[in-house]
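Peer 1: Have a look at this one.
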Amino acid sequence: MASIAQLEECTIVWLCPLKVELRAAIAMLDRVSEDIPIRARGQHVVYTIGEVGLHKIAVVGYYQEQGLAASGSIAAEVIRDLPSLQFGLLVGIAGGIPSSSNDIQLGDVAVPVPEGSRPGIVGYDLGKAGEDVQYELKHWQNSTHPLLRSVINIIRARNDSRIWRHLRVLEDSPEFRRPVTASQYRVQPQVHYATILSGNTVIKSQSKRDQLRDMYGGIAVEMEAAGIMTRLPVAVIRGIGDFADSSKNSAWQSYAAITAAAYARELLLCLPYALDPRETLSQMTDRLLPR
């Protein structure tokens, strides 16, 4: 758990809407602090502090709520609680949107990137309804921060090959292991880069899912990103836990959570550490690296 002093040192927040996503995030940390937590006045959430590489990370789950409003509330909390915050990672599961051009399978990872006029995240139910039943979409989501997009491009250039080494945690975490099913043709997950749709509705209908895909494009649908993109510079990373249709269930949630967390860990390892302007490179090395 986190003391106030540790919270002040955290530059990254790892946001996990669901409990299974929180467990997956903690499994990917290099080290987890065991310090006795101290709660600041007005603090409503409890953080788990850990490290990935040289980055000090504050991991936080939502308070058993989902949706865009919950994301906006959490964003306000972490901005207040983490004075050194630079970036966030919103990591968890989503419903995949299959198409003829995207062979999306359970356990794959979806990462939003700008394409055409779309910024990467599309809030499909954030808009204006007219009398003629037409729905005018309001594109006010920010795209992923340029530095995080640059890191994502590096991962893509490596053909995602380094990500799955982090799944070695499955040797000690059987709850996250890949389900055995005849419907899956690939053993190793793949990463898909395109638009992710975000809204307040749990989609469990193939016709509704396909309608959204035909209207806005998209490789996945989820319920938090559109509530946070304009408030906090985040990278969104989603593991495919179902196909947002009538067969939706929790069988693949744990594995999808850990594949998304593996991508998040790789992103952090590729993200350059920000040198404190008050110290030299030599001072930073002495402070961070063991002798």
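The values are calculated or read from the model by the stated rules, or taken from the named source; none is laboratory data. This structure is a prediction, so every number in the text was calculated from the model and none was measured. Counting neighbours? That spans all protein chains shown, and the Cβs are built from the backbone with ideal geometry, glycine included. Keep in mind that these areas ignore ligands, DNA and RNA; they rest on the heavy atoms of the full protein, side chains included. Shrake-Rupley method; radii C 1.70, N 1.55, O 1.52, S 1.80 Å.
Peer 1: At R0 = 25 Å, how high is the FRET efficiency between Tyr63 and Ala251 if r is their beta carbon distance? Nearest 0.05 is fine.
Peer 2: 0.45
Peer 1: Here's another thing I want to ask about it. Give the calculated FRET efficiency between Ser205 and Glu34 to the nearest 0.05, with a Förster radius of 45 Å applied to their Cβ-Cβ distance.
Peer 2: 0.50
Peer 1: Evaluate the Kirkwood expression for the hydrodynamic radius of segment 7-46, namely the inverse of the mean inverse distance over all pairs of different C-alpha atoms, and round to one decimal in Å.
Peer 2: 12.1 Å
Peer 1: Here's something else I'd like to know. Taking θ as phi - 60°, what are the ³J(HN,Hα) couplings along segment 205-214 by the Karplus curve (6.51, -1.76, 1.60), each to the nearest whole Hz, with x for Gly and Pro?
Peer 2: 9, 4, 5, 5, 4, 5, 4, 5, 4, 5
Peer 1: Quick one: what are the phi-derived ³J(HN,Hα) couplings along segment 102-119, Karplus 6.51/-1.76/1.60 with θ = phi - 60°, whole Hz, x for glycine and proline?
Peer 2: 10, 7, 7, 10, 4, x, 5, 10, 10, 10, x, 9, x, 8, x, 8, 9, x
Peer 1: For the full complex of protein chains and a 1.4 angstrom probe, list Arg177, Arg165 by accessible area with the highest value first.
Peer 2: Listed by decreasing accessible area, they come as Arg177, Arg165.
Peer 1: In addition: Starting from the eigenvalues of the Cα gyration tensor, five times each then square-rooted, give me the equivalent ellipsoid semi-axes of the chain, largest first, whole Å.
Peer 2: 31, 22, 18
Peer 1: For the charge dipole of the chain, defined by +1 on Lys and Arg C-beta atoms and -1 on Asp and Glu C-beta atoms about the Cα centroid, which residue among Thr230, Asn200, Leu54 has the Cα displaced farthest towards the positive pole?
Peer 2: My answer, from the dipole projection, is Leu54.
Peer 1: Also, I was wondering about something else. Solvent-accessible area per residue for the chain at a 1.4 Å probe radius, Å²?
Peer 2: Accessible area per residue, the chain: 48 Å².
Peer 1: For segment 200-248, what mean projected area does the convex hull of the alpha carbons give, in nm²?
Peer 2: 3.7 nm²
Peer 1: In terms of modelled amide H atoms, which long-range or inter-chain residues lie less than 5 Å from the amide H of Ala110?
Peer 2: Here the answer is His192, Arg238, Gly239, Ile240, since their amide H atoms fall under 5 Å of that of Ala110.
Peer 1: Counting only residues 5 or more places away or on other chains, whose amide H sits under 5 Å from the amide H of Val234 once H atoms are built in the peptide plane?
Peer 2: Amide H neighbours of Val234, under 5 Å, 5+ apart: Gly88, His145.
Peer 1: Order of 110-120, 220-230 by packing, highest average Cβ count within 10 Å first?
Peer 2: Sorting 110-120, 220-230 by mean packing, highest first, produces 220-230, 110-120.
Peer 1: Still on this structure, I have one more. Binning every alpha carbon pair distance of segment 1-92 at 10 Å from zero, what are the percents per bin?
Peer 2: For segment 1-92, the binned pair fractions read 17, 56, 26, 1 percent.
Peer 1: Within the chain, how many Lys pairs sit with Cα atoms under 30 Å apart, leaving out pairs fewer than 8 places apart on the same chain?
Peer 2: Taking the chain as the scope, the lysine pair count is 13.
Peer 1: Share of the chain's accessible area from carbon and sulfur, percent, 1.4 Å?
Peer 2: Whole-percent figure for carbon plus sulfur exposure: 50.
Peer 1: Placing unit charges on C-beta atoms (Lys and Arg positive, Asp and Glu negative, everything else neutral), compute the dipole magnitude of the chain about its Cα centre in debye, rounded to 20.
Peer 2: Result for the chain is approximately 360 debye, rounded to the nearest 20.
Peer 1: Can you work out ³J(HN,Hα) from phi for every residue in segment 226-241, in order, using Karplus 6.51 cos²θ - 1.76 cosθ + 1.60 and θ = phi - 60°, giving whole Hz and x for Gly and Pro?
Peer 2: For segment 226-241, the Karplus-derived couplings read 5, x, 10, 4, 8, 9, 8, x, 10, 9, 9, 9, 10, x, 7, x Hz, x marking Gly and Pro.
Peer 1: I would also like to ask the following. Give the residue list of trypsin sites (Lys or Arg not before Pro) in segment 1-83 that are DSSP loop and have at most 11 other beta-carbon atoms within 10 angstrom.
Peer 2: Sites meeting the loop and neighbour criteria: Arg41.
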